[in-house]
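For reference, the structure discussed in these notes is given below.
The values are calculated or read from the model by the stated rules, or taken from the named source; none is laboratory data. Model, not experiment: these values are computed from the prediction. Here Cβ is always computed from backbone atoms with ideal geometry, including for glycine, and neighbour counts include all displayed protein chains. Note: accessible area is taken over every heavy atom of the protein model, side chains too, but ligands, DNA and RNA are not part of it. Shrake-Rupley method; radii C 1.70, N 1.55, O 1.52, S 1.80 Å.
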Amino acid sequence: ADKKRPASASADNDGPATKRADSQPKLRLMYFDIPGKAEPLRLLMRYAGLAFEDYRFADRSEFATMKANGELSFGQVPALVVEESGQKITLVQTAAIARYIAKTAGGTCGLYPADPLKAAQVDALVDQCTDMMCSVLCAKYQDRFGFDEALGGMDGEGTKKVEHALQTSVMPRHLGFFETVLASSSTGWLADTELPTIADFLVGCQLQQLATNAMVNGPELVPKHAKIVAHTEKLLTLPAVKSYYAEKGS
């Protein structure tokens, strides 16, 4: 794929957007050429009708150079470079970027509720998704989190024990949480909102990726949760999301 992939969304054709290209900040999303943590952000901006540059690193060395130069707060991506009123600010942390996108898009998008109580429910869902992935990330990126010696690397006995716990206890419990939340929703969206919120994009993309994650036995576990499967389908059939993937040819 191209390193620089300009991407824009049409408010007329895709989602209930309020911003137009001539009235929004200049946005540049930086990530690797994989879905990962950037995918929900790409979909959010498409849904919100925000024009953005979908910049994908040519290789890991490009990212490593930016990290070494201190260009990335906390040394991580995704990162959203925002240019507005002569200022250029780089945002990091996926949930923070998602909230920025929602607020930039405007209230009629429905991506982040104006009501503080409903907004807190959305935040809780996003935080719960982070909790769900904690053990997975620690097992996968052992050096980063200081577990390499304790777990013995990806083929270590400690890692095997963690994977067993993930597959038999941890992940079934977390998937059950989200299944219960969706079962109580009258709209099919996680926060029981009329329109999807950032939680639906962030959690939905994560659950979709877990469905192919062998470490957690996702191919077997996720399909057992009918509400989660239905939510993923609901998200993927949004006109903005469908057109995004149609243009990518996937």
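Any chance the range 98-106 includes a residue that's over 30 Å from ASP192 (Cβ atoms) and of a type in the set (D, E, K, R)?
Kept after step one, since they are over 30 Å from ASP192 (Cβ atoms), are these residues of the range 98-106: none.
Within the range 98-106, none of the residues are over 30 Å from ASP192 (Cβ atoms) and of a type in the set (D, E, K, R).
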Read through the list (1) open to solvent by 20 Å² or more (accessible area, probe 1.4 Å); (2) of a type in the set (Asp, Glu); (3) within 30 Å of ALA240 (Cα to Cα), then give the number of the only condition that ASP200 fails.
(1)
Check off (1) in contact with a Cys (Cβ under 9 Å, 6 or more places away or on another chain); (2) surrounded by 13 or more Cβ atoms within 10 Å (Cβ to Cβ) for ARG144 and give me the number that stays unchecked.
(2)
Odd one out for ALA105, checked against (1) without any contact (Cβ under 8 Å) to a residue 24 or more places away in the chain; (2) under 30 Å from ALA51 (Cβ atoms)
(1)
Taking the range 39-75 as the search range and keeping residues that are open to solvent by less than 50 Å² (accessible area, probe 1.4 Å) and among the acidic types (Asp, Glu), which one is nearest to LEU207 (Cα to Cα)?
GLU39
Just wondering, is there one or more residues in the range 73-81 that are touching an Asp or Glu at 6+ places or on another chain (Cβ under 8 Å), at pLDDT 95 or above and not in a loop (DSSP other than H, G, I, E, B)?
no
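Within the range 177-193, which residues are open to solvent by 40 Å² or more (accessible area, probe 1.4 Å), closer than 19 Å to ASP115 by Cα and either within 19 Å of the chain's Cα centre (by Cα) or not β-branched (Val, Ile, Thr) (or both)? Full working, then the answer.
Here is the first cut: in the range 177-193, the ones open to solvent by 40 Å² or more (accessible area, probe 1.4 Å) are 177, 180-181, 183-184, 186-187, 192.
If we keep only those that are closer than 19 Å to ASP115 by Cα too, we end up with 186-187, 192.
Of everything in the range 177-193, those that are open to solvent by 40 Å² or more (accessible area, probe 1.4 Å), closer than 19 Å to ASP115 by Cα and either within 19 Å of the chain's Cα centre (by Cα) or not β-branched (Val, Ile, Thr) (or both) turn out to be SER186, ASP192.
Name the single residue that is farthest from GLY204 (Cα to Cα) among those in the range 143-181 being in a helix (DSSP H, G or I) and touching a Gly at 6+ places or on another chain (Cβ under 7 Å).
Going residue by residue through the range 143-181, those that are in a helix (DSSP H, G or I) are 143-145, 148-151, 157-181.
Next cut, touching a Gly at 6+ places or on another chain (Cβ under 7 Å) only: 150-151, 158-159.
On the way: ALA150: 32, LEU151: 30, GLY158: 30, THR159: 27 Å.
This residue is ALA150.
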Listed residues ALA95, ALA120; which is open to solvent by 20 Å² or more (accessible area, probe 1.4 Å) and either in a strand (DSSP E or B) or under 19 Å from PHE32 (Cα atoms) (or both)?
ALA95
Quick check on my filter: what residues within the range 121-169 are in contact (Cβ under 8 Å) with a residue 40 or more places away in the chain and more than 27 Å from LEU190 (Cβ to Cβ)?
GLU163
Take THR232 and tell me if it is among the β-branched types (Val, Ile, Thr), within 28 Å of ALA120 (Cβ to Cβ), touching a helix residue (DSSP H, G or I) at 6+ places or on another chain (Cβ under 6 Å) and open to solvent by less than 60 Å² (accessible area, probe 1.4 Å).
yes
How do the pairs read when you match residues in the range 209-233 that are under 16 Å from ARG173 (Cβ atoms) with residues anywhere that are of a type in the set (A, V, I, L, M, F, W, C) and surrounded by fewer than 16 Cβ atoms within 10 Å (Cβ to Cβ), using Cβ under 7 Å and keeping only pairs 6 or more apart or on different chains?
LYS227/ALA183
